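Scroll down for the structure; my scribbles are underneath it.
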Amino acid sequence: MRSFSGPLIVIAAVTLLAACAPNNYCLKEQKYAHAENRPPLTPVAGLSLPDSATALRIPPPPTAVVPFGYRNEEGAGVCLDKPPTMPAATTAPAAAPSKT
């Protein structure tokens with residue numbers, strides 16, 4: 001009978017190490033950064049496009065470049081899609097419900 005403990009240990013170690021990967025994915029060039037606008041649709045002969053007030057309007061690109069991520073003081077990657085760490089909660093005594 002073969003022992004499967006060796007491969008299981010390797011798989012577990014790789015999984016745990018992958019969970020500790022740094023947040024450097026946002027420091028690289030993003031694919032969408034070079035996206036181009038497409039010309040608006042034009043109707044074919046005999047048809048007209050509806051004028052929808054609820055149509056999605058794409059705003060013009062910002063004048064200043066906004067990076068998707070940056071390196072903090074410790075040199076770790078900080079990505080905009082990851083929320084900041086929250087301070088530790090201080091536990092205040094709960095107020096007693098009032099009986100009216």
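Annotations for the structure displayed:
- The length gained by stretching the chain between Ala64 and Glu29 to full extension, at 0.36 nm per residue less their Cα-Cα distance, is 11.0 nm.
- Residue by residue, the range 46-53 carries 3J(HN,Hα) couplings of x, 10, 10, 7, x, 9, 9, 6 Hz when phi is fed to the Karplus relation 6.51 cos²θ - 1.76 cosθ + 1.60 (θ = phi - 60°); x denotes Gly or Pro.
- Each residue of the range 64-73 was assigned a 3J(HN,Hα) from its phi angle through the Karplus expression (A = 6.51, B = -1.76, C = 1.60, θ = phi - 60°), giving 9, 6, 10, x, 6, x, 8, 9, 7, 4 Hz with x at Gly and Pro.
- Computed lengthening from Ser48 to Thr15, 0.36 nm per intervening residue step minus Cα-Cα distance: 6.3 nm
The numbers here are math on the coordinates, done by the rules we state, and not lab data. Everything quoted here is computed from the prediction, not taken from an experiment.
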